[in-house]
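Notes follow the structure.
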Amino acid sequence: MIYKRSSALFAEAEKVIPGGVNSPVRAFKGVGGTPIFVKEAKGAYLYDEDGNRLIDYINSWGPMILGHAHAPVVNAVVEKAKKGTSFGMPTEIETKIAELAVSMVPSIDKIRFVNSGTEACMSAVRLARGFTGKDKIIKFAGCYHGHSDSFLIQAGSGASTFGTPNSPGVTQGTAKDTLLANYNDIKNVEALIAANKNEIACVIIEPVAGNMGCVPPKNNFLQDLRKLCDENNILLIFDEVMTGFRLAKGGAQELFNIKADIVCFGKVIGGGLPVGAFAARNEIMNHLAPLGPVYQAGTLSGNPLAMAAGLAMLTELNTDAAVFNRLAEKTQYLHQGISKVLHDNAVTHTINRVGSMISVHFDEAEVVDFKTSAKGNNDTFKAFFHGMLNQGVYIAPSAFETWFITDALSYEDLDFTINAVNKVAKTL
């Protein structure tokens, strides 16, 4: 495929935007080459500025669960825009989507909307600290909760040590309150809690990790984590920015039958527009201003366009009982097809899948955490990524990102993708 126009646009962008992109993963630094500039999208397909059509497996990193330019969502946004795009005042639609979200998700009584997943997670941690009166948090290596300072932390040297910043601009003072644990390793979490007794406000986790590829919880990890938090008066925060309203109506909480204390949302809840939210039971949410002392605010929070898109999306997911089964079945079909052709072509690999999230890792070992994810052959992934792109299939330009399946994908699209993998595998 030819990407002459995309290359020219990227050169222009680099002059006025740092790195030419407004989010680093778009820059193709992990795979090499020039980013693709999208002109429009419909259903399961992207159409770039050079006129190429690509089957899309990132779907705006998750929210396009029913496909791009989904008519009910587009129509809702258009009609709402005719009445004004922002007021900075309460609107009825905020209450409507809040009521619907609360009815769909276990364990929550109230929800507050923000403008991004980063805001949601940042606010959830602040709320947990304010509610518990404790300062430290536990997060997991490989889980991404946005770019708030508390989350940009790398590992310390042991269970009793603090992490250190992994980005300039994050202070040591902030880092000292963040403890880093290994995903799927409950013993490691136990050691951190024991070494920091009565100092930990919350544990925040992606219940299904999506930022080291798709990594599911293993061996009752989430159940054990819930028990551990209860025993030590620690709040459990589920970052369901990716999994919320995607793995089930009630997200990972419903899928794994575990109730978190605070839940963060993004992606699907906005129907493709910038939005996030965090939610909990009344006892916790009533600590937020203006009811309580924990301050959180946002001029554009509850923006009517985002609320209209989100309400249209959640309404359809709530009424279409079969959608999550269809998504899981399509993902399983893709998994089996890709695994077979990679095996037939003697390409070392393992595939992780939960619901409509899936990732291909070029290593034979099981991928259960960040360390095992990082063992994958990145050179193979780079060749695989560009090979698939040349075949007309767009996957995440990073070995550490999950793919997201959309209901707009047909089985013909899936077969095309599997055939593309077969062609590319012969060159690896």
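The values are calculated or read from the model by the stated rules, or taken from the named source; none is laboratory data. The structure presented is a predicted model; accordingly, all values stated were derived computationally and were not measured. Note that each Cβ is placed from the backbone with ideal geometry, even for glycine, and that neighbours are counted across all protein chains shown. Note: accessible area is taken over every heavy atom of the protein model, side chains too, but ligands, DNA and RNA are not part of it. Shrake-Rupley method; radii C 1.70, N 1.55, O 1.52, S 1.80 Å.
Here are a few things to note about the model shown:
- Gyration tensor verdict on the range 1-119 (Cα atoms; rounded if a/c is under 1.5, prolate if a/b is larger than b/c, oblate otherwise): prolate
- Fraction of accessible area attributable to carbon and sulfur, the chain (%, probe 1.4 Å): 51 percent
- Separation of the alpha carbons by more than 29 angstrom is noted, of LYS267/LYS371; LYS134/LYS249; LYS42/LYS110; LYS42/LYS80, for LYS134/LYS249; LYS42/LYS110.
- Note on the chain: with a GNM built from Cα contacts shorter than 10 Å, the maximum mean-square fluctuation among GLY67, GLY310, GLY133 falls on GLY133.
- The sum of -39500 (n - 2.57) across all DSSP H runs of n ≥ 4, divided by the residue count of the chain, sets its helix-only mean residue ellipticity at 222 nm to -11500 deg cm²/dmol.
- Accessible area ranking (1.4 Å probe, heavy atoms, ligands and nucleic acids excluded), largest first, for HIS145, HIS335: HIS335, HIS145.
- For the chain, the antiparallel share of DSSP beta bridges with both residues in that region comes to about 60%.
- Max mean-square fluctuation residue, GNM over the chain, Cα-Cα springs under 10 Å, options GLY250, GLY292, GLY142: GLY292
- Per-residue SASA remark: GLU283, around 110 Å² accessible (1.4 Å probe; ligands, DNA and RNA not included).
- Evaluated with a Cβ-only charge set (Lys, Arg +1; Asp, Glu -1), the range 120-251 carries a dipole of roughly 100 debye about its Cα centre, given to the nearest 20.
- Virtual spin-label span in nm between GLU329 and THR95, 7 Å along Cα→Cβ: 4.0 nm
- An oblate overall shape is assigned to the chain, the ratio a/c of its alpha-carbon gyration tensor axes (a ≥ b ≥ c) being 1.5 or greater and a/b not exceeding b/c.
- Ranked order, TYR183, TYR295, TYR47, TYR144 - accessible area, probe 1.4 Å, largest first: TYR295, TYR144, TYR47, TYR183
- Per residue, the accessible area of the range 214-337 comes to 37 Å² when a 1.4 Å probe rolls over the protein heavy atoms.
- Fully extended contour minus Cα-Cα distance, from VAL16 to HIS386, at 0.36 nm per residue: 130.5 nm
- Pairs from LYS139/LYS176; LYS4/LYS29; LYS218/LYS340; LYS176/LYS218; LYS187/LYS227; LYS29/LYS375 whose Cα-Cα separation, in the structure shown, is over 21 Å: LYS218/LYS340; LYS176/LYS218
- Estimated vicinal HN-Hα couplings, Hz - the range 352-359 in sequence order (Karplus 6.51, -1.76, 1.60; Gly, Pro = x): 10, 8, 9, x, 9, 10, 8, 8
- Result for the chain in a Gaussian network model with C-alpha springs under 10 Å: among ALA71, ALA248, ALA128, the largest mean-square fluctuation is at ALA71.
- Backbone N under 19 Å from the ALA8 label point (7 Å along Cα→Cβ), restricted to the range 32-63: 34-40, 47-53
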